Amino acid sequence: MNASSPSPAQNQASTATLYGGVANRRVTVRDLAAAKQRGEKWSMLTAYDALTAGVFDEAGTPVLLVGDSAGNCHLGYETTVPVTMDQMVMLAAAVVRGTKRAMVVADLPFGAYQESPAQAMHNAARLMKEAGVGAVKLEGGERSARAIELLVEAGVPVMAHIGLTPQSVHALGGYPVQGRGDEAAHQLLRDAKAVQQAGAFAVVLEAVPAELARQVTEQLAVPTVGIGAGPDCDAQVLVWTDFAGMTAGRVPKFVKQYADLRAVLGGAARAFAEDVRGGAFPAPEHTFH
Ligand code: KIV
């Protein structure tokens, strides 16, 4: 075996479960294809920094998405639209550094792939070479098929994203559920088939009726990853700040909150301030002499 040959571990799709089955290398597209074959559902979380990503990696989350949701969930913008390639490269590199086992997928942000397949290739290469991600994600069905085809031909694993595509928030006039009504449902099915045909290894379905997501999932050979798309997708993704209770105010109907970190951290900050004000911190055990 020479230095560039894959190791035996890399060469095999895991036949064990994604959770705990792949411990000595990163999860690959082949592991995800094998999981669909055996009907194993899996979870994906967003991550935007090394520390949080490390927690999810240790917990066994097989795929981490450096989403451009970083725009509104990490960088303080109102939408994902302002996020730049330089920001994505920086965040994705941190997530890769903080993890050992998860497949790290990074979003191509708005304006980084719509001009031409060549532009998509240039920016996907940045994410792979400068940040070290294992795959990229981009929004759009039929309209993005040519870009997906070129990336896949060049050896870039692509996760597609159809249904509600948040980079189009201004064109959509908000974040409405997609695929309602016969024509919209047929378009969603066409989009799903177009991205699969172009070579996408998985397809995110965002904010679509559960019945339609089930139909798409049954008709595709590649895994579907649902967010607000009901229980029948092959995988489910949540934005980490939503699922952990860090988001201020209302979260979308499809979010289940698994922790209340905002309350925990706010409580800790108030207790610290109180201790400082009252002189209880620092105590002798926190003090050098
Ligand atoms: O940017 C993101 O976090 C996403 C998920 C909502 C799928 O695209």
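The values are calculated or read from the model by the stated rules, or taken from the named source; none is laboratory data. Fair warning: this is a prediction, and the values are worked out from it, not measured in the lab. Here Cβ is always computed from backbone atoms with ideal geometry, including for glycine, and neighbour counts include all displayed protein chains. The accessibility values were calculated without ligands, DNA or RNA, using every heavy atom of the protein model including side chains. Shrake-Rupley method; radii C 1.70, N 1.55, O 1.52, S 1.80 Å.
Report note on the peptides 59-67, 86-94: ranked by the mean count of other C-beta atoms within 10 Å, highest first, their order is 59-67, 86-94.
For K100, the lysines whose Cα falls under 18 Å of its own Cα, not counting residues fewer than eight places away in the same chain, are K129. The angle between the Cα long axis of helix 117-126 and the longest principal axis of the Cα atoms of the chain comes to about 30 degrees, rounded to the nearest 10.
For the chain, find the longest principal axis of its Cα atoms and tell me its angle to the long axis of helix 85-97, 0 to 90°, nearest 10. Orientation of helix 85-97: about 70 degrees from the principal axis.
Provide the per residue accessible area, probe 1.4 Å, for region 151-289, rounded to a whole number of square angstrom. Walk me through the intermediate numbers first.
Values: 7520 Å² over 139 residues.
On a per-residue basis, region 151-289 sits at 54 Å².
With θ taken as phi - 60° and the Karplus curve 6.51 cos²θ - 1.76 cosθ + 1.60 applied, the whole-hertz 3J(HN,Hα) list for region 205-221 is 10, 10, 6, 10, x, 4, 5, 6, 4, 5, 4, 4, 4, 5, 8, 9, 7 Hz, x standing for glycine and proline. Axis of helix 182-198 versus longest Cα principal axis of the chain: the two differ by about 90°, to the nearest ten degrees. For K256, the lysines whose Cα comes closer than 20 Å to its Cα, not counting residues fewer than 8 places off in the same chain, are K41.
Just to be sure I understand: with springs between alpha-carbon atoms less than 10 Å apart, which residue in V251, V105, V222 has the highest mean-square fluctuation in the Gaussian network model of the chain? Judging by the Gaussian network model, the answer is V251.
Could you check how many percent of all C-alpha pairs in the chain are farther apart than 32 Å?
Considering the chain, 26 percent of its Cα-Cα pairs are separated by more than 32 Å.
Highest-first packing order for the peptide set 158-164, 112-118, 170-176 is 158-164, 112-118, 170-176, based on the mean count of other beta carbon atoms within 10 Å.
Mind checking the full-extension length gain between A59 and H170? Use 0.36 nm per residue of separation minus the Cα-Cα distance, one decimal, nm.
Numbers: separation 111, 0.36 × 111 = 39.96 nm, distance 3.64 nm.
Length gained, A59 through H170: 36.3 nm.
Comparing D234, D275, D31 in a Gaussian network model of the chain where C-alpha atoms under 10 Å apart are linked, the largest mean-square fluctuation is found at D275.
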